[in-house]
Amino acid sequence: MLPSSRWAWLMLLCCTGVVAQPPGATALPPEPAASAPVSLSARKVYEQARSQLVQIRTVLKGRASQTSVGSGFVVSREGHMLTNFHVVSEVALEPATHDLVYVTADGREARLNILMLDVLHDLALVKVADANPKDAKEFDVLTFRPATQALAQGERMYSLGNPLDVGFAVIEGNYNGLVERSFYPQIFFSGSLSAGMSGGPALDQEGRVIGVNVARRVDGEQVSFLVPAAFAVTLLERGRNAPPMKGPAHAELARQLMVHQAALTERFIAQGWKSATHPRYKVPVPPDRFMRCWGSSEPSRTGGLDFERSDCVMDTRIFVGKFTTGAFSVRHESYDGSKLGTLRFAARYSQSFRNESFARLRSEHMTKPQCHEDFIDRHGLPLRAVVCMRAYKKLPQLYDVSVLVATLDQNQAGVQGRFDAQGVSFENAMKLSQHYLDAYGWLK
């Protein structure tokens, strides 16, 4: 099969690296220092929130050299702060080699402890280390907008943070509703967020928190995303009295991912498949509910192999350190080799099947794939099927599974399909594989 060319690529806003980016794509250039003039409302919001903003830095232990920077904001007088998980991930996963510190707009700096993580919504609750209760007055607090006051389409918003480590800034934009087809709710913010702003607050005109900066699209202009404030409120309530986390957080990540994969598997199977996806066969294509499906057609210009393609992918991916997981994808290609003849078509069709790869992650994160190939019958339709699984080395009980399928009933035409599920339990890997294979068959 040919590589996919249409994905919803996102850049997480922490640090300097791109978590997921298509081949040949480049990050957008930094915004000029002197862009559109800041409105009086933006100036007022920034001045009111300036003392509650912090830059959050990951530094090497004993060396004070920063390895990444993000943003955060104070949410309690005791020194609780909220940010993104991907801002603190190095410390959470490699605490023996990294420390976490915050820096205020007026230059104060101190160490932070991680109290609790919400990996599924990319949030982290941290607190000033060894904070003295009598010093609580030092911490000004941002408050949250009440959940009963719904946001209106087009409402003005102000995102704050420390973009590109050049200083604290305010970015004006608008609320454009929730992102369509996102598995977890995200706010569509029409503002130009930049790297380093991850974990900073997005405020309404009264200076109340309505979201947390998290990501932007690298293939569009002013298409950015915020975690709704409700998830931050829940994390603060759950973790306010939690002790500092000790040791690497892989077990906690695995626990949360198990919850995610169970919910995702249930919803994916319950939604079923689209009908009329191929003129000859039943071919599994999911509804456009939390996946985006793209189609393409490429007739051969040289009298060779013609094919049509369908790709269905999720925008939602769970960041777990040096990679993402927790997403499904489904694709298929319909081949017409009548211009090639039987022998040449068979050679090209087989080669396309062999071109598939299972090395999504480097071996440092996953075991080698274990594959099983068989020839199966689906109501008289002969199929060649391969199922491959890989285990995560540091996320126990979680696997990636891939299923390849090729129809074998025609000499000069056929369909090849692939299903991928990342970060699922063994039981659900088997259930999903069977669900996908069972979807093939003849049209009635």
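Coordinate-derived values only; no laboratory data. Keep in mind the model is a prediction, meaning the values are calculated, not measured. FYI the Cβ positions are ideal-geometry reconstructions off the backbone, even for glycines, and counts take in every protein chain you see.
A few comments on the model shown:
- Backbone amide hydrogens, once placed in the peptide plane, bring residue 423 within less than 5 Å of 326, 399, 400, 401, excluding anything fewer than 5 places away on its chain.
- Convex hull projection area averaged over all views, the range 54-191, Cα basis, nm²: 9.7
- Phi angles of the range 189-198 translate, via the Karplus equation with coefficients 6.51, -1.76, 1.60 and θ = phi - 60°, into HN-Hα couplings of 10, 8, x, 8, 7, 10, 4, x, 8, 3 Hz per residue; Gly and Pro are given as x.
- Among the listed pairs 127/393; 368/394; 274/368; 246/431; 274/393; 61/368, a Cα-Cα separation exceeding 24 Å is found for 127/393; 274/368; 246/431; 274/393; 61/368.
- Separation of the residue 48 and residue 217 label points, Cα + 7 Å toward Cβ, nm: 3.1
- Mean residue ellipticity at 222 nm, helices only, the chain: -5500 deg cm²/dmol; runs of at least 4 DSSP H residues each add -39,500 (n - 2.57), and the sum is divided by the number of residues.
- Against the main long axis of the alpha-carbon atoms of the chain, helix 426-438 sits at an angle near 40°.
- Annotation: the range 254-442 has a Kirkwood hydrodynamic radius of 17.4 angstrom, from the mean reciprocal C-alpha pair distance.
- Using alpha-carbon coordinates, inclination of helix 40-49 to the longest axis of the chain, degrees: 80
- Distant-in-sequence amide H partners of residue 123 (H built 1.01 Å from N, under 5 Å): 85, 118
- Mean Cα-pair separation over length for the range 229-353, i.e. relative contact order, pairs under 8 Å, 6 or more apart, %: 17
- Relative contact order for the range 254-442, counting Cα pairs under 8 Å that sit 6 or more residues apart, in percent: 22
- [x] 160; [y] 346; [z] 180, with the label sought being that of the calculated volume of the Cα convex hull per residue in Å³: [x]
- Degrees, to the nearest 10: 250-271 long Cα axis against longest axis of the chain: 50
- At q = 0.15, 0.16, 0.17, 0.24 Å⁻¹ the log10 of I(q)/I(0) for the range 303-399 amounts to -0.85, -0.93, -1.00, -1.35, computed by Debye summation with a single uniform scatterer per C-alpha, solvent ignored.
- Value of Rg to Rh for the range 241-288 (Rh from inverse mean 1/r over Cα pairs, i.e. Kirkwood): 1.34
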